[in-house]
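Read through the structure below, which is laid out as structure tokens, and then see the notes.
The values are calculated or read from the model by the stated rules, or taken from the named source; none is laboratory data. Note that the structure is predicted; figures quoted are calculated from it, not measured. As a convention, Cβ positions derive from the backbone with ideal geometry for all residues, glycine included, and neighbour counts pool all protein chains shown.
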Amino acid sequence: MMPTRTKPAFASTLYKGKFVGVFLLFHVFVAQLLLWKEYGPVVGSMHGLWVCSVSILLCAYGMLANNATAVAASMVAVSTGHFLWTIDTMYMGWTWSSDTIFDIASFNSVNGEPTRETIYTTSHHIWFIPLCVWWLRGMGERLEFKHLLWSALWILAVSAGTACVVPMECVPWDSPDGYVCFDLNINMVKKWWGLEDVYLFHFLDRNNGTHALIFYCYANFIHDFVFNGFWWSLLKIAVNGLEWEEEEEEEEGKVEAGGKKNKRKDKKQ
């Protein structure tokens, strides 16, 4: 739905958003080329299925088509992973080591060391959400509960597609440096991602023998509604602003309007 605001800021964001949408598509294209180079065509393509990666495509569509629901849903869908990734990255920068708090962030290549390529392909974990907030605020859009629901449906669809493609067993690749077998857990296809020491998240892991349907229902409910619901409530403040501020502005507007009416009555008298 087109926003009703017609201020210059809206026109500027609408114009810039088209370029940002093209940039997002370019970023995904370059990142995919680097993934193919790093992991080979099969595993590299599987790595392109991460929710945080395909959500960039959804966001690019939203900005190019002026679809606020697509932008908001893509932002909420990746909120838990991106915020935890950012915290882990800040911790690594502070301690100057590869140790993390949540076992989420990793910039390592196949050789176990970070490279310029791996940093580029994972950089969106840092800048993607602020970019979405900028666009939504500039367009005068509001973050609503329906966007949390749409994000959950989006994650379920991507996770189901990933489960049909990514196997439980490791995926072999004869790399230039020798034989490698990648143990992939893309979109939690076999177990909860990160937080390895927290039993609450891992006792129903699929690789422990839990039925796939039970695991996916449990994992997606916790991730999509409990975790993402928390971040959605904070993002709602970032996008919409504080509700009490808006109420005060409305009351001030009513007082001003009432004052103008009284002045008109005084003039008539």
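So, of the residues in region 189-218 that are in a helix (DSSP H, G or I) and hydroxyl-bearing (Ser, Thr, Tyr), which turns out to be farthest from the chain's Cα centre (by Cα)?
Going through region 189-218, the residues in a helix (DSSP H, G or I) turn out to be 199-202, 206-208, 212-218.
Keeping just the survivors that are hydroxyl-bearing (Ser, Thr, Tyr) gives 199, 216, 218.
On the way: Tyr199: 25, Tyr216: 19, Tyr218: 20 Å.
Filtering region 189-218 for residues that are in a helix (DSSP H, G or I) and hydroxyl-bearing (Ser, Thr, Tyr), the one farthest from the chain's Cα centre (by Cα) comes out as Tyr199.
Among the residues that make up region 83-100, is at least one of them over 18 Å from the mean Cα position of the chain (by Cα), modelled with pLDDT under 85, polar (S, T, N, Q) and over 22 Å from Thr115 (Cβ atoms)?
Taking every residue of region 83-100 in turn, none turns out to be over 18 Å from the mean Cα position of the chain (by Cα), modelled with pLDDT under 85, polar (S, T, N, Q) and over 22 Å from Thr115 (Cβ atoms).
Quick check on my filter: what residues within region 199-223 are surrounded by 12 or more Cβ atoms within 10 Å (Cβ to Cβ) and farther than 19 Å from Ser79 by Cβ?
His202, Leu204, Asp205, Arg206, Asn207, Thr210, Ala212, Phe215, Tyr216, Cys217, Tyr218
For Val171, state whether it is in contact with a helix residue (DSSP H, G or I) (Cβ under 8 Å, 6 or more places away or on another chain) and under 29 Å from Ala70 (Cα atoms).
Working: in contact with a helix residue (DSSP H, G or I) (Cβ under 8 Å, 6 or more places away or on another chain): yes; under 29 Å from Ala70 (Cα atoms): no.
No; evaluated as a whole, the condition is false for this residue.
Return yes when Ser53 is surrounded by 20 or more Cβ atoms within 10 Å (Cβ to Cβ), at pLDDT 95 or above and closer than 28 Å to Phe19 by Cβ and no when it is not.
Details: surrounded by 20 or more Cβ atoms within 10 Å (Cβ to Cβ): yes; at pLDDT 95 or above: no; closer than 28 Å to Phe19 by Cβ: yes.
No: the conditions fail for Ser53.
Within region 26-52, count every residue that is in contact (Cβ under 8 Å) with a residue 40 or more places away in the chain and assigned to a helix (DSSP H, G or I). Reasoning before the result, please.
Of the residues in region 26-52, the ones in contact (Cβ under 8 Å) with a residue 40 or more places away in the chain are 27, 30-31, 34-35, 37-40, 42-43, 46-47, 49-52.
Applying the additional criterion that residues be assigned to a helix (DSSP H, G or I) yields 27, 30-31, 34-35, 37-40, 42-43, 46-47, 51-52.
The total comes to 15.
May I ask you to list the residues in region 166-209 that are modelled with pLDDT of 85 or more and more than 24 Å from Val43 (Cα to Cα)?
Across region 166-209, the qualifying residue is only Leu204.
Hey, can you tell me all the residues within region 53-77 that are farther than 22 Å from Ala163 by Cβ, touching a residue at least 12 places away in the same chain (Cβ under 8 Å) and assigned to a helix (DSSP H, G or I)? I'd like the intermediate steps shown before the answer.
Filtering region 53-77 down to residues farther than 22 Å from Ala163 by Cβ leaves 59-72, 75.
So of that shortlist, the ones also touching a residue at least 12 places away in the same chain (Cβ under 8 Å) come out as 59-64, 66, 68-72, 75.
Scanning region 53-77 gives Cys59, Ala60, Tyr61, Gly62, Met63, Leu64, Ala68, Thr69, Ala70, Val71, Ala72, Met75.
Which number in (1) surrounded by 12 or more Cβ atoms within 10 Å (Cβ to Cβ); (2) in contact with an Asp or Glu (Cβ under 9 Å, 6 or more places away or on another chain) marks the one condition that Cys181 misses?
Cys181 satisfies every listed condition except (1).
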